[in-house]
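A short worksheet on the structure shown next.
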Amino acid sequence: MRDIDRRSFMKLGVGAWFAGCLPDWAGAAAEELKPKPIRVEVGLKAPFKALHVSDTHLALMTEKELEDPCRAKLYADRSCKTFPGGRGTRWLAAALAYARSRGELVLHTGDLIDFIGDANLEAVKRDVSTGDVFCANGNHEWCYHMYTKSEDCRKLREQYFARVQAAYPNALDVASRVHGGVNFVSFDNWDYRVTQAQWDAIRREFDRGLPVVLMCHCPFYTPKLHGESSRRANGKGSYVMSAPPEEVEKFGPAGRWQLGDELTFGFYHWAKAQKNLRAILAGHLHFDFSERFSPTAVQHVVGANCNGCAAEIEFA
């Protein structure tokens, strides 16, 4: 990795640099959110709406963070090239304004931040650590220098979990939020797997007897979604949880890290059998897709918030 000194970094674009470092980007209010309408049948006497967003990818840094050449390179790659012009900041502001003007709960299914850092976590504390936002986390919540190996992210998760968790409005491993008679249950499946402790906690939520909506970052395997995601990724992966092993093997060595373990496959089939499961909300893929998961539930994947995507869900 080539080091970038401060003067060279500033030549990448002063405007983009300021967009990333200011706590409130000046253009945030200019975006107009136009969410996709979705209806989830629950059997409620009093229907309500909620706003589902995912993959905001906040890519902010403080001036002090940018003094680290590695962080400056990360900012140049992610904030200035991949997500230029403060896109995540602008569209998050638009989503929050839309939901709050209508009194709707915001359901965020991960990658709220693009990488761990002071500016990103401060933005999370300021903007979403309120009672009207409920989160699942994604794989980018455990990125620091954009590691790509799952082993690196596991180490980072252990190292930074407390720091990241402190910024978020609810527990990241497993959390429950009952709203309007529906039990929203979020869990961390950043590596396409669940643990026994997570399964046990989720099972207890189902045992409460309320209609359940599961929230996670990586979608559950469904056949059409798997095919569409594989096509978009040019056969490099489908990036879904619990795809059949014979399908994952087609991706070759680089894609085999998406293969689940025996415990996760057991959880997948258990979830399919739960009669009070009403929907699954997920993100990760950066495109909209809905497909039936079980006899009682449809999975709704929402496109990236940083691209202006959102779904307004009526629970009825």
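Please treat every number below as a calculation from the coordinates, not as lab data. Owing to the predicted nature of the structure, the values given are computational and were not obtained by experimental measurement. Ideal geometry is used to build each Cβ from the backbone, glycine not excepted, and the neighbour counts take in all protein chains shown.
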Under 29 Å from the Cα of Lys275 - lysines, other chains or at least 8 residues apart:
Lys36, Lys45, Lys49, Lys224
For segment 172-218, with the dipole built from +1 on Lys and Arg beta-carbon atoms and -1 on Asp and Glu ones, taken about the Cα centre, which of Phe206, Val174, His217 lies farthest toward the positive end?
Phe206
How far is the Cα center of segment 124-191 from the Cα center of segment 51-115, in Å?
14 Å
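Quick check on the chain: helices-only [θ] at 222 nm, where DSSP H runs of length 4 and up contribute -39,500 (n - 2.57) each and the sum goes over total residues. Nearest 500, please. Please list the in-between numbers first.
On the way: 10 runs with 96 residues, N = 316.
Value at 222 nm, helices only, nearest 500: -9000 deg cm²/dmol.
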Mind pulling the angle between the C-alpha long axis of helix 196-206 and the longest principal axis of the chain? Nearest 10 degrees, somewhere in 0 to 90.
60 degrees
Applying the Karplus parametrisation 6.51 cos²θ - 1.76 cosθ + 1.60 with θ = phi - 60° to the phi angles of segment 235-252, what ³J(HN,Hα) value in whole Hz is obtained for each residue in order, glycine and proline being reported as x?
x, 8, x, 10, 6, 10, 8, 6, 5, x, x, 5, 6, 5, 4, 5, 6, x
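Once you keep just the Cα pairs under 8 angstrom separated by 6 or more residues, what percentage relative contact order results for segment 86-203?
Values: 139 pairs, mean separation 26.8, N = 118.
About 23 percent, as a whole number.
What does the highest-first list of 223-235, 57-69 look like by mean Cβ count within 10 Å? Working shown, then result.
Working: 223-235: 15.0, 57-69: 19.5.
Those peptides, ordered most packed to least, come out 57-69, 223-235.
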Relative contact order [Cα under 8 Å, 6+ residues apart], the chain, whole percent
24 percent
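May I ask for the percentage of alpha-carbon pairs in segment 143-194 that lie more than 12 Å from each other? If you can, show how the numbers build up before the last one.
Numbers: 944 of 1326 pairs.
Beyond 12 Å sits 71 percent of the P(r) for segment 143-194.
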Cα convex hull volume per residue for segment 84-148, in Å³, equals 84 Å³
Calculated Rg and Dmax of the chain using C-alpha coordinates, Å
19.1, 61
I need the calculated FRET efficiency for the pair Lys272 and Glu63, taking r as the beta carbon distance and R₀ as 51 Å, to the nearest 0.05.
0.55
Everything considered on the Cα gyration tensor (a ≥ b ≥ c; rounded for a/c under 1.5, else prolate if a/b is larger than b/c, else oblate), segment 185-228 must be described as oblate
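Sequence gap at least 6, Cα distance under 8 Å: using those rules, report the relative contact order of segment 167-219 to the nearest whole percent. Don't skip to the end; give the middle numbers.
Values: 64 pairs, mean separation 21.3, N = 53.
Computed over segment 167-219, the figure is 40 percent.
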At q = 0.10 Å⁻¹, the log10 of I(q)/I(0) for segment 153-311 from a Debye sum over equal Cα scatterers comes to -0.36
